[in-house]
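Encoded as structure tokens, the structure appears first; notes follow it.
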Amino acid sequence: SQKIEQNSEALNIQEGKTATLTCNYTNYSPAYLQWYRQDPGRGPVFLLLIRENEKEKRKERLKVTFDTTLKQSLFHITASQPADSATYLCALNTGGFKTIFGAGTRLFVKA
Amino acid sequence: DVKVTQSSRYLVKRTGEKVFLECVQDMDHENMFWYRQDPGLGLRLIYFSYDVKMKEKGDIPEGYSVSREKKERFSLILESASTNQTSMYLCASRVGGGADTEAFFGQGTRLTVV
């Protein structure tokens with residue numbers, strides 16, 4: 001079955017640095033991949049969607065890449081701020097209605 | 001501003017009770033979903049619905065049922081609550097059509113079964 005792997009270890013970085021989070025998947029070739037942000041005790045909030053024919057997508061300080069050969073997506077936050085501290089989830093639409101989510105990577109940005 | 005509202009933030013129920021979790025969306029979305037979220041496991045799909053009165057099983061439907069009598073409301077039912085159903089439950093909605101649309105989530109219901 002489809003698996004999504006995100007680094008389960010928390011990522012700690014200094015304010016102003018670039019945070020890079022990884023999402024790897026197996027057994028499927030998704031047409032789309034999404035990234036969500038989740039704060040403690042809250043539901044996930046959509047950030048970005050990238051299609052299989054797009055190598056890179058940007059939105060303000062966020063950048064997502066999608067390498068269908070490596071079956072990997074990278075999520076970058078440039079000039080990170082303490083307010084960026086949250087859990088970031090990778091999600092794949094597996095066709096039709098279903099979306100599957102990774103377990104997420106927790107990011108801590110220190111001032 | 002789009003909204004998905006879950007009826008409770010926190011619930012404590014006893015083993016064997018029938019539990020209802022309610023979700024309402026105000027975006028006229030066709031698709032609605034129920035997930036549970038457990039540490040290290042991510043969000044797992046329980047059930048989804050693509051239209052009124054229509055429902056499909058997700059990956060972990062055992063012990064749950066759902067109801068969608070109106071487009072804006074999707075209910076998750078735990079027929080006989082058990083301690084292994086203690087979890088965070090998240091409702092989401094999405095516009096119909098293609099799969100390349102974002103999901104909007106409610107704030108979550110943290111259910112504890114004792």
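Considering only B:12, B:95, B:66, the mean-square fluctuation computed in a Gaussian network model of chain B, springs between alpha carbons under 10 angstrom, is largest for B:12. Legend: mean number of C-beta atoms from other chains within 10 angstrom of residue C-beta atoms, peptide B:28-34, equals 1. The overall shape of segment B:52-114, judged from the alpha-carbon gyration tensor, is prolate: a/c is not under 1.5, and a/b is greater than b/c. The mean number of partner chain beta-carbon atoms within 10 angstrom of a residue's beta-carbon across peptide A:97-107 is 6. Coupling constants for segment A:60-69 follow from the phi torsions by the Karplus curve (6.51 cos²θ - 1.76 cosθ + 1.60, θ = phi - 60°), and in residue order they are 6, 8, 9, 9, 10, 10, 9, 10, 6, 6 Hz; glycine and proline get x.
Evaluate E = 1/(1 + (r/R0)^6) for residue B:67 and residue B:38, where r is the Cβ-Cβ distance and R0 equals 25 Å; express this FRET efficiency to the nearest 0.05. Efficiency at R0 = 25 Å is approximately 0.60. Under the classification rounded if a/c is under 1.5, otherwise prolate if a/b is larger than b/c and oblate if not, where does chain A fall, given a ≥ b ≥ c as square roots of the Cα gyration tensor eigenvalues? Since a/c reaches 1.5 and a/b is larger than b/c, the shape of chain A is classed as prolate.
For chain A, a Gaussian network of Cα nodes joined below 10 Å ranks A:83, A:19, A:31 by mean-square fluctuation, and the top entry is A:83. Surface composition of the protein assembly as shown: carbon and sulfur make up 48 percent of the accessible area, probe 1.4 Å. At a probe radius of 1.4 angstrom, the accessible area of the protein assembly as shown per residue rounds to 49 square angstrom. Across segment A:30-40, rounded Karplus estimates of 3J(HN,Hα) from the backbone phi angles (6.51 cos²θ - 1.76 cosθ + 1.60, θ = phi - 60°) give x, 7, 9, 9, 10, 10, 10, 10, 10, 8, x Hz, Gly and Pro being marked x.
Count the lysine pairs in chain A whose Cα atoms sit under 28 Å apart, keeping only pairs 8 or more residues apart in sequence or on different chains. For chain A, qualifying lysine pairs total 25. In a fully extended conformation the segment linking residue A:39 and residue A:78 would gain 12.1 nm over its present Cα-Cα distance, using 0.36 nm per residue.
The values are calculated or read from the model by the stated rules, or taken from the named source; none is laboratory data. Everything numeric here is computed off the predicted structure, so don't read it as measured data. A quick note on method: Cβ atoms are made from the backbone with ideal geometry, for glycine too, and the neighbour counts reach across all protein chains shown. The protein model used for the area step is the full one, side chains on, heavy atoms only, and it has no ligands, DNA or RNA in it. Shrake-Rupley method; radii C 1.70, N 1.55, O 1.52, S 1.80 Å.
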